[in-house]
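Some notes on the structure that comes next.
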Amino acid sequence: VGSSKDVNIVAQIDRLAGGKGDTIADGNWVGTRRYFVQKDENINKVTSPMVMNLGETNMGNKKTLADFLKWGVTTYPADNVVAVVWNHGMGWAGIAHDEESDEYMRIEDVAWALREGQKELSKVNKKASKFAIVDFDACLMGTIEVAYEISDTVDFLVASEETEPGEGYPYKE
């Protein structure tokens with residue numbers, strides 16, 4: 001899967017020193033990077049172009065998510081925007097545990113970040129806009145409490161009410 005003439009896929013990835021995926025084959029980098037995702041068959045190395053190196057960020061902070069969303073909708077404008085948050089989920093208690101800061105976003109924090117992104121999306125689209133889909137690729141996020149908290153910012157929610165594999169959704173399928 002990758003970007004095409006009709007779809008732009010961008011990702012913000014934060015890696016922990018000594019964490020899984022911290023390999024020499026992939027440059028052994030740490031910190032936070034943004035990528036323009038292009039299709040390839042190499043599952044052992046990020047081959048897509050890095051468009052920004054942010055250094056270390058706190059992925060458990062609502063401002064980090066809001067900044068990414070605002071950057072994404074401004075840099076890659078679109079009529080329909082999907083936001084995927086992939087990390088550990090705790091249902092209504094929160095998501096996106098940052099192991100270096102030991103912080104995570106409460107669901108109220110996620111809702112705030114989505115509202116900030118939505119403001120930018122509406123400016124870019126020159127009309128009131130919502131995210132088309134918010135997808136929590138994380139355990140236990142498919143609850144009515146989570147859906148209610150973000151309902152003013154998104155048309156559709158995709159989330160699991162159960163636990164899910166550590167590798168996340170089977171994106172290839």
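Descriptive notes on the structure:
- Across the chain, the relative contact order, built from alpha-carbon pairs under 8 Å that are at least six residues apart, equals 18 percent.
- Listed by chain and number, the lysines whose alpha-carbon sits under 26 Å from that of Lys127, ignoring those within fewer than 8 places in the same chain, are Lys5, Lys62, Lys63, Lys70, Lys119.
- Length-normalised contact order of the stretch 57-132 in % [C-alpha pairs under 8 Å, at least 6 apart]: 41 percent
- Antiparallel bridge percentage (DSSP; both residues within the chain; nearest 5): 55 percent
- For the stretch 70-142, applying the loop criterion from DSSP together with a ceiling of 11 other beta carbons within 10 Å to the trypsin sites (Lys or Arg not before Pro) yields Lys126, Lys127.
- With the charge dipole of the chain set up from +1 on Lys and Arg Cβ and -1 on Asp and Glu Cβ about the Cα centre, the Cα lying farthest toward the positive end among the listed residues Val134, Asn61, Pro49 is that of Pro49.
- Options (1) 1.01; (2) 1.35; (3) 1.10 - which one matches Cα Rg over 2.2 N^0.38 Å as calculated here: (1)
- Hits among lysines - C-alpha to C-alpha of Lys172 under 17 Å, sequence gap 8 or more where chains match: Lys39, Lys45
- Residues with amide H under 5 Å from that of Thr57, placed H, sequence gap 5 or more: Thr32
- Surface share of carbon and sulfur [accessible, 1.4 angstrom probe, percent] for the chain: 54 percent
- When you work out D = kT/(6 pi eta Rh) for the stretch 47-149 at 25 °C and 0.890 mPa s, using the Kirkwood radius from C-alpha pairs as Rh and the Stokes-Einstein form, the result is 172 µm²/s.
The values are calculated or read from the model by the stated rules, or taken from the named source; none is laboratory data. Just so it is clear, the model here is predicted, and its values are computed rather than measured. All Cβ positions, glycine included, derive from the backbone under ideal geometry; neighbour counts span all protein chains shown. Just the protein is used for accessible areas: all its heavy atoms, side chains included, with ligands, DNA and RNA removed. Shrake-Rupley method; radii C 1.70, N 1.55, O 1.52, S 1.80 Å.
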